[in-house]
Amino acid sequence: MKINHPLNLVLIIAVFSAHTQALPVKGYKLVWSDEFDGETLDLNKWIYRGLGPRRDAVNVKETVSPDGNGHLVLTTKHAGDKYHTAMIATQGKYEPTFGYFECRVKFQTQIGHWSAFWLQSPTLGNPVGDPAKAGTEIDVFEYLRNRGDKIQHTLHWDGYGEHHKSAGKVPEIPGLKRGWHTIGLLWTPQHYIFYVDGKETWRIDKGVSRRSQYMILSLEVGKWAGDISKAELPDHLYVDYVRVYQKIPPFERDAIKQKQKAAVNSEFIIGAFPGPPNNQINAARYREMAEAGVDVIVPFWGTMDGQSNPNMLDLAHAAGLRVLAMDKRIGPITMTADSEYDPTAVENIAADYKDHPALFGYGVRDEPPVELFGRLSQISDLFTKLDPVHPPLIDLFPGYAKPEQLGVENYRDYVRKFVDQVDPVVLMYNHYPLKAKRSIDTGWHRDLALFREESRKAGISFWVFAQCQGIRWQLRVPTQEEIFWQAGTALAYGGRGIWWYRYWTQPPDDGEQGPPRHPGSMIDQHGKRSPSYYNVQQANRFLRQAGPALIGWDNSNVARVRNEQIQPPGGCPAVSLKGKDFDLVVGTFTRGKVVRLVIANDSYERPATFRVSAAKNLRIQKIIASWNADVSDNMNAPVAIWSLGPGGCVVIELAP
């Protein structure tokens with residue numbers, strides 16, 4: 001038996017009946033549904049579409065009827081020497097733009113006809129080349145019995161003639177041909193995501209419609225589905241419900257999020273973690289952090305509470321710093337899926353800190369698995385409601401994390417699920433690439449490229465926690481060149497913030513012997529400034545010039561250039577680079593006709609010497625920032641010879 005809910009009370013996480021699972025997306029609310037509980041088709045919601053001949057059958061009204069048990073039944077049957085089948089639509093009744101669309105169905109059992117749930121545009125292909133305006137046929141599913149447990153998702157745009165374009169996927173779902181299944185589509189301005197039984201089956205950002213479209217349920221007869229003459233008819237598609245959810249912002253959530261995203265996008269952040277322990281929290285230590293060129297400090301593990309944080313905020317404010325407040329009351333390190341969620345703790349944290357001028361934001365969780373994303377979405381939304389000014393922030397695992405840590409097999413899926421479920425104001429992750437014995441984690445560039453791509457799709461910035469210390473037997477202490485190499489390459493990929501790990505050395509556990517667990521932290525085990533402190537200080541001076549100069553500029557291209565060869569899929573349209581035995585990362589940033597380039601030596605061991613010439617319509621105007629670079633003497637030559645030392649980097653501007 002179904003449970004009926006008032007529309008204004010049904011959230012996406014509600015369970016509508018014993019056999020219906022929670023939806024796979026967060027932050028949406030039910031806005032339209034048909035539960036098919038009536039004795040006839042509700043003609044306030046549906047029309048009979050395309051009555052008359054269609055393909056190898058005839059659409060008639062009599063093949064559409066509720067069964068009296070809360071299901072709509074679409075039937076294919078013999079009618080003399082013809083076949084009758086069914087099609088209904090919300091055309092002219094309900095034509096939404098964007099949302100999460102879901103139906104629960106039990107598929108037909110015979111070959112020769114296929115079932116479908118799809119969205120259609122009344123202006124498909126008009127104009128050609130602009131599916132956002134013209135619309136797209138979105139086949140949420142097509143099911144053919146002759147394919148067994150396979151289901152088809154398809155897009156069609158630019159009409160059905162010579163300009164027709166399409167894309168599709170046919171995933172296999174074990175057990176699909178038996179029992180009931182929920183099929184869903186998340187349609188946003190950026191992409192489509194398809195789901196079967198709550199699990200993502202396809203994601204695509206092509207052919208995205210941005211106009212209103214209507215829904216269709218149909219059975220159709222055609223040779224594509226097999227020989228209908230061999231089918232035992234009548235045969236049926238059963239539909240339990242059709243539901244539509246849309247993003248309706250509680251407490252003006254979306255508007256607040258957009259303001260927070262704009263604020264984050266408006267500055268370049270230099271952070272460090274962790275700050276001093278309890279016995280070292282004093283004005284001198286906070287001035288020392290400010291002298292290192294740090295903007296934002298994250299508290300030490302043992303200081304994350306309502307007693308220590310207010311003192312830290314006061315000291316930070318006096319030193320010109322800000323604090324990313326982490327508080328044990330919500331378990332930013334220890335939270336698990338089994339932990340009890342206490343909204344009162346969030347309310348108390350926000351009340352304690354939100355009015356302090358040194359507050360930067362709230363640290364919600366470090367390195368969460370996928371199973372926590374729903375919880376983190378709740379906590380983040382509550383922080384946003386209680387404090388619209390200071391964003392909730394979550395640091396993600398690096399790409400080298402194991403699947404059992406992530407909760408999914410694929411790292412890109414991990415990041416995308418986080419964006420979809422949590423809707424963060426910024427993407428923030430850590431990656432420590434400099435291994436012991438002079439080796440390197442080759443995923444450094446891969447993660448930068450991934451976060452660049454996903455942040456651009458989401459319209460937000462990304463920050464990276466970079467390495468300025470070693471980890472005993474695992475990571476080496478970076479040299480100055482290696483610290484600058486991380487900073488320069490992250491800039492080139494469009495990173496809007498660098499957070500240095502670690503600032504303060506982890507003290508030994510009781511009875512622990514041997515060298516420090518984190519050698520080379522900016523402040524060593526004796527409380528003294530280490531060489532890393534001064535190396536990071538120099539890097540921060542460079543970042544202080546280079547980073548803000550790229551805020552508000554579009555990172556339109558990034559390329560790894562090795563011995564003149566641009567490695568796909570990158571591009572370097574503003575300059576030509578020639579030479580031998582060099583490795584560079586080149587980030588292109590545009591604003592109108594003006595271009596800014598970050599050119600970073602992709603080696604921290606070897607210099608890079610190369611010839612550079614601007615594109616025909618551009619001229620090098622100025623050097624914005626540089627480190628370990630010899631470029632100034634011949635900057636305006638038609639073909640200049642430049643040299644970047646190990647880890648060297650230069651930021652330049654070009655204009656017509």
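The values are calculated or read from the model by the stated rules, or taken from the named source; none is laboratory data. Here the structure is a predicted model, which is why all the values come from computation and not from measurement. Note that each Cβ is placed from the backbone with ideal geometry, even for glycine, and that neighbours are counted across all protein chains shown.
When you look at residue 400, is it out of contact with any strand residue (DSSP E or B) (no Cβ under 8 Å at 6 or more places or on another chain) and modelled with pLDDT of 95 or more, yes or no? The answer is yes for residue 400.
Specify the residue that is farthest from residue 237 (Cα to Cα); the eligible residues are those in the range 59-84 that are polar (S, T, N, Q) and either over 44 Å from the mean Cα position of the chain (by Cα) or buried (at least 22 other Cβ atoms within 10 Å of the Cβ) (or both). That would be 59.
Taken as a whole, the condition of being surrounded by 16 or more Cβ atoms within 10 Å (Cβ to Cβ) and more than 26 Å from residue 77 (Cα to Cα) applies to residue 197.
Of all residues in the range 140-164, those satisfying the criterion of being part of a loop (DSSP other than H, G, I, E, B) and buried (at least 19 other Cβ atoms within 10 Å of the Cβ) are 151, 158. For first residues located in the range 617-630 and at pLDDT 95 or above, partners that are among the acidic types (Asp, Glu) and lie 6+ apart or on another chain with Cβ distances below 8 Å form the pairs 624/653; 628/481.
Residues in the range 514-545 that are at pLDDT 95 or above, surrounded by fewer than 19 Cβ atoms within 10 Å (Cβ to Cβ) and not in a helix (DSSP H, G or I): 528, 529.
Taking (1) in a strand (DSSP E or B); (2) in contact with a Phe, Trp or Tyr (Cβ under 8 Å, 6 or more places away or on another chain) in turn, residue 560 satisfies each apart from (2). Return the residues of the range 330-367 that are among the aliphatic types (A, V, I, L, M), under 22 Å from residue 397 (Cα atoms) and assigned to a strand (DSSP E or B); say none if nothing qualifies. Matches in the range 330-367: 364 only.
For the range 323-346, the tally of residues that are without any contact (Cβ under 8 Å) to a residue 24 or more places away in the chain and among the basic types (Lys, Arg) stands at 0. Of the residues making up the range 85-133, those that are part of a loop (DSSP other than H, G, I, E, B), crowded, with 18+ Cβ neighbours inside 10 Å and of a type in the set (Gly, Ala, Ser) are 86, 112, 121, 125.
Taking the condition within 26 Å of residue 112 (Cα to Cα), in contact with a strand residue (DSSP E or B) (Cβ under 7 Å, 6 or more places away or on another chain), of a type in the set (A, V, I, L, M, F, W, C) and surrounded by 16 or more Cβ atoms within 10 Å (Cβ to Cβ), does residue 170 pass? When the stated conditions are applied, residue 170 does not pass them. Scanning the range 260-286 for residues that are surrounded by 15 or more Cβ atoms within 10 Å (Cβ to Cβ) and over 25 Å from residue 427 (Cβ atoms) yields 276, 277, 280, 281, 285, 286.
Restricting attention to the range 174-211, the residues being more than 17 Å from the chain's Cα centre (by Cα), of a type in the set (S, T, N, Q) and either in the same structural domain as residue 416 (by TED's automatic domain parsing) or outside any strand (DSSP E or B) (or both) number 1. In the range 311-329, the qualifying residues are those that are part of a helix (DSSP H, G or I) and surrounded by fewer than 14 Cβ atoms within 10 Å (Cβ to Cβ), and the one that is modelled with the lowest pLDDT is 311. Any residue at all in the range 229-239 that is surrounded by 16 or more Cβ atoms within 10 Å (Cβ to Cβ), charged (D, E, K, R) and either in contact with an Asp or Glu (Cβ under 8 Å, 6 or more places away or on another chain) or free of Cβ contacts under 8 Å to residues at least 24 places away in the same chain (or both)? No, the range 229-239 contains no residue that is surrounded by 16 or more Cβ atoms within 10 Å (Cβ to Cβ), charged (D, E, K, R) and either in contact with an Asp or Glu (Cβ under 8 Å, 6 or more places away or on another chain) or free of Cβ contacts under 8 Å to residues at least 24 places away in the same chain (or both). Please tell me if residue 293 is at pLDDT 95 or above and surrounded by 14 or more Cβ atoms within 10 Å (Cβ to Cβ). Yes.
Taking residues in the range 433-455 that are farther than 13 Å from residue 482 by Cα, and partners anywhere that are among the hydrophobic types (A, V, I, L, M, F, W, C) and in a helix (DSSP H, G or I), the pairs with Cβ atoms closer than 8 Å and at least 6 places apart or on different chains are 448/490; 450/415; 451/415; 454/415; 454/419. A residue that is hydrophobic (A, V, I, L, M, F, W, C) and within 17 Å of the chain's Cα centre (by Cα) can be found somewhere in the range 378-393. Cβ separations smaller than 7 Å between residues 6+ apart or across chains give the following pairs from the range 532-545 residues that are not assigned by TED's automatic domain parsing to the domain that holds residue 650 to residues that are hydroxyl-bearing (Ser, Thr, Tyr) and not in a helix (DSSP H, G or I): 532/521. The C-beta contact set for the range 361-384 (first residue under 17 Å from residue 298 (Cβ atoms) and free of Cβ contacts under 8 Å to residues at least 24 places away in the same chain, second residue surrounded by 20 or more Cβ atoms within 10 Å (Cβ to Cβ) and not charged (D, E, K, R), distance under 7 angstrom, 6+ apart or interchain) is empty.
Yes or no, residue by residue, for (1) out of contact with any helix residue (DSSP H, G or I) (no Cβ under 9 Å at 6 or more places or on another chain); (2) under 23 Å from residue 202 (Cβ atoms); (3) at pLDDT 95 or above; (4) of a type in the set (Asp, Glu):
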{"site": "100", "(1), (2), (3), (4)": "yes, yes, yes, no"}
{"site": "109", "(1), (2), (3), (4)": "no, no, yes, no"}
{"site": "114", "(1), (2), (3), (4)": "no, yes, yes, no"}
{"site": "136", "(1), (2), (3), (4)": "yes, yes, yes, no"}
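Among the candidates 454, 409, the residue that is touching a strand residue (DSSP E or B) at 6+ places or on another chain (Cβ under 7 Å) and either β-branched (Val, Ile, Thr) or assigned by TED's automatic domain parsing to the domain that holds residue 335 (or both) is uniquely 454.
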